[in-house]
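The values are calculated or read from the model by the stated rules, or taken from the named source; none is laboratory data. The structure displayed is predicted, hence computed values, not measured ones. All Cβ positions, glycine included, derive from the backbone under ideal geometry; neighbour counts span all protein chains shown.
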Amino acid sequence: MSVNDYKKARGALSGDADEEADIKKIEMVDIIETEGRWGSRSTITLTADIHKARQDKDRFQEYALILRRLRDEDGKPLATRLEIQSPIIRAAIQEVLGEYPTINMESNPIIIERPYAPLYHYRKELREYAVHADRTKEEKDHMSTLIHFMDLYLRKAEKTNEKLLPSELTSHALLWTLYRPDDVVIARRDYFTEAYVIESCSVVEFPQDNEIKMRITLVCRSWDYNGARFGPVTKTINLRSFIGNKKIYDLDVYPIQYHREPDGQDIRRKLINRGLKWRNIVEVAHREYSAICWTDPLTQAEEVRQIEDLVPVHTSGRIILDYATHQQARPQLATLLARGSATKAVTKDAKDAIPANQGDDFLLKADDSSKPNKRERSEYDDRYLSHPNDATYKMTHSQALICPARIRGFSLTDKIWAFFLVDEVKDITWAEDSFKTLELEPSVKKTISALVHSHGKSNKAQDQTADDVISGKGKGLVFLLTGPPGLGKTLTAESIAENTHRPLYALTCGELGTDPVETDQILRRIFIRAKSWNAILLLDEADVFLAKRERNDLQRNAFVSIFLRLIEYYAGILFLTTNRLTEFDEAFQSRIHLTVHFKLLDDTMRAAIWKNLLSRFDPGPQWRTDALAKLGREYRINGREIKNLIRTAAALAEFEGVALDESHFRTVYKLNTTQYCDGLDVPVATGGGGGGGGGGGGGLVPGTGKT
């Protein structure tokens, strides 16, 4: 297609009615335009002939190119721009550059601001275009004017880069030359690395201290999720200035080809694999995590409104990944997909036009400088239209490459909403045997297991009894665990969660506030989340909610009434624990499906707890059956105390560099009882026996450190 044919076709499509300039001089004119005072017209003059200024806006319209230097009323520089008036050069720019982000290709003239980044980024293509065999003599004459301009005003940047780039160096004055639209760049942060696609690189020149300074801003594209759709997100990055030359790799943001992984891995493949992992866990997912996460600062009165203002903290334990609920809890941090990212229908003709080689590996090319032509660019943009999160959506490698390094979720350990590193999210290693080793009557364990496993499944017994007379009531499953401390009440809920591969959402009354209205709102949110996450909800030390209502205690009555109403409509699994059974409100009796009373353990059960815990701390041959029986008989302490005693004794043995034996237990036990009895001013029992009354059904869930 000739330039004239291209012009006619483009004009017909765009409806461009601008009148073409009458180009009589196929050359460039260098002029200065100075603002007039008090609103008067600007004056225009040749740069080399300033004293002959005239107020004539139509001067120099016969030139193919105008280099216009703008000045304020005092003659101080404002900006410099190239105005392309030649229709032949405009058509060439439109064809070679396509839809360049910072240029209005439909304007007449086409305006390119200094430092003329579009011309620099496509200098090779423009020079090839100018000398192509298909060009007419007139077209070559016009294009030679543009090439001459490029030689004058871009050659210095080219020559300097020819010296610096082989050593992977750059300067602040040349930063703009590194960032070509549609290239992939790397942004390094303190704890992670992300990739973006450049949408535009804008350069703003401004006078300061009698010099022209430069401010460089990148607008980049990444791929994210808003809880319902996947789509592009725009990010603006202001590049920091620096003095002298600098390694490109040390910049805050730099082209991906300059990245070097310490382990020599391919950064593209690494980021793509991370993006594919991210895609698979953006919906509700229960995972393990032990690393830095980003959350609200504890000392800030108002909630953070920018993700960049979150603070890094370390967390360890189970997490729930849930974009939709995170954005409900923190709407000010919601993902905003870029405007114009709605799904667009693709016609059959468009589908037929897509090249066969433009597959998922589009951005895996080694050469980032390849630029789609105008038709290909439209197809390229189609890659970044948003998609609903359904079974039909398959993430491409070009999208996976620019996915976030962090994912939204909730820490079940710290009860905080946070952003977690995708690379540090791990699958859970379940402690499935913990329920089997729980020291509890077999019939009770069997009943708990049967109820939890069957809850939510469709079966005849449930279908006939689940629904109350009022729809939505009575679909939950409520357990009440009672008994003195250290008997394994909390462990029961933890171990059944491990056994059924469910999240455990554990909380105490202290986390629910002291105001009934506030507590009502908090509990509602927790119940909704626990049900949507298919979690087992554990409310430890629930005495305040279970206590019998008194006529003179209106606040306590309010708490009890709120809790009664909420559990009536809760459809999930709830475990309640308490140390006091005699003070229950009678209304709870009909709302509890199973009450388990934890009895004090005998010597045999305590020996079993010693065996279970020692097998994890020190599975040595010295712990024979008779030795375990002796421990169960002499140390009359509960399960939690047994666990703490073993842990402390094991640390003491490790410090001494010897194997753990019964003497270490005796030493630690004596220290504990001495300190405790000194505080109470009572006689101290000596030796390995004696001590606290009662027994314990406690134990340790591997990986949780809890009883």
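Taken over segment 545-563, the criterion of being surrounded by fewer than 17 Cβ atoms within 10 Å (Cβ to Cβ), out of contact with any strand residue (DSSP E or B) (no Cβ under 8 Å at 6 or more places or on another chain) and not small (Gly, Ala, Ser) is satisfied by ARG549, GLU550, ARG551, ASN552, ASP553, LEU554, GLN555. In the set ASP209, ASP266, only one residue is at positive phi and either crowded, with 19+ Cβ neighbours inside 10 Å or of a type in the set (D, E, K, R) (or both); that residue is ASP209. Against the test of being within 44 Å of the chain's Cα centre (by Cα), within 18 Å of LYS247 (Cα to Cα), of a type in the set (Ser, Thr, Tyr) and surrounded by fewer than 18 Cβ atoms within 10 Å (Cβ to Cβ), the options THR170, THR160, THR102 yield a single qualifying residue, THR160.
Looking only at residues of segment 481-520 that are of a type in the set (Gly, Ala, Ser) and touching a Lys or Arg at 6+ places or on another chain (Cβ under 7 Å), we find that the one that is surrounded by the most Cβ atoms within 10 Å (Cβ to Cβ) is GLY486. Considering segment 668-683 alone, what residues qualify as being at pLDDT 80 or above and surrounded by 13 or more Cβ atoms within 10 Å (Cβ to Cβ)? Hits for segment 668-683 are VAL668, TYR669, LYS670. Mind checking which residues of segment 92-120 are among the acidic types (Asp, Glu) and more than 18 Å from PHE206 (Cβ to Cβ)? Of everything in segment 92-120, those that are among the acidic types (Asp, Glu) and more than 18 Å from PHE206 (Cβ to Cβ) turn out to be GLU95, GLU99, GLU106. Taking every residue in segment 425-454 that is within 30 Å of ARG279 (Cα to Cα) and touching a residue at least 40 places away in the same chain (Cβ under 8 Å) and pairing it with any residue that is surrounded by 13 or more Cβ atoms within 10 Å (Cβ to Cβ) and of a type in the set (Phe, Trp, Tyr), at least 6 positions away or on another chain, the pairs with Cβ-Cβ distances below 6 Å are VAL425/TYR289. Scanning segment 133-155 for residues that are surrounded by fewer than 12 Cβ atoms within 10 Å (Cβ to Cβ) and closer than 28 Å to LEU178 by Cβ yields one hit, ARG155.
Just one of (1) buried (at least 16 other Cβ atoms within 10 Å of the Cβ); (2) at pLDDT 85 or above; (3) over 43 Å from the mean Cα position of the chain (by Cα) fails for HIS597. It is (1). Only a single criterion out of (1) touching a strand residue (DSSP E or B) at 6+ places or on another chain (Cβ under 6 Å); (2) modelled with pLDDT of 95 or more; (3) of a type in the set (A, V, I, L, M, F, W, C) is not satisfied by ILE272, namely (1).
Taking the conditions exactly as written (farther than 22 Å from LEU70 by Cα and not small (Gly, Ala, Ser)), does GLU113 satisfy them or not? Spelling it out, it is not the case that GLU113 is farther than 22 Å from LEU70 by Cα and not small (Gly, Ala, Ser). Note on segment 224-288: no enclosed strands (runs of 3 or more DSSP E) hold 1 or more residues that are touching a Ser or Thr at 6+ places or on another chain (Cβ under 7 Å) and acidic (Asp, Glu). Residues in segment 379-424 that are under 21 Å from ARG269 (Cα atoms) and free of Cβ contacts under 8 Å to residues at least 24 places away in the same chain were compared, and the one that is surrounded by the fewest Cβ atoms within 10 Å (Cβ to Cβ) is LYS394.
Restricting attention to segment 48-70, the residues that are surrounded by 12 or more Cβ atoms within 10 Å (Cβ to Cβ) and either modelled with pLDDT of 85 or more or in contact with a Lys or Arg (Cβ under 7 Å, 6 or more places away or on another chain) (or both) total 9.
Would you call ARG580 more than 18 Å from LYS445 (Cα to Cα), at pLDDT below 80, assigned by TED's automatic domain parsing to the domain that holds LEU491 and in contact with a helix residue (DSSP H, G or I) (Cβ under 7 Å, 6 or more places away or on another chain)? For ARG580, the condition - more than 18 Å from LYS445 (Cα to Cα), at pLDDT below 80, assigned by TED's automatic domain parsing to the domain that holds LEU491 and in contact with a helix residue (DSSP H, G or I) (Cβ under 7 Å, 6 or more places away or on another chain) - is met.
Cβ-Cβ distances below 7 Å connect the following pairs, each with a first residue in segment 551-567 that is assigned to a helix (DSSP H, G or I), a second residue that is modelled with pLDDT of 75 or more and among the polar types (S, T, N, Q), and a separation of six or more residues or different chains: PHE559/THR519; ILE562/THR519.
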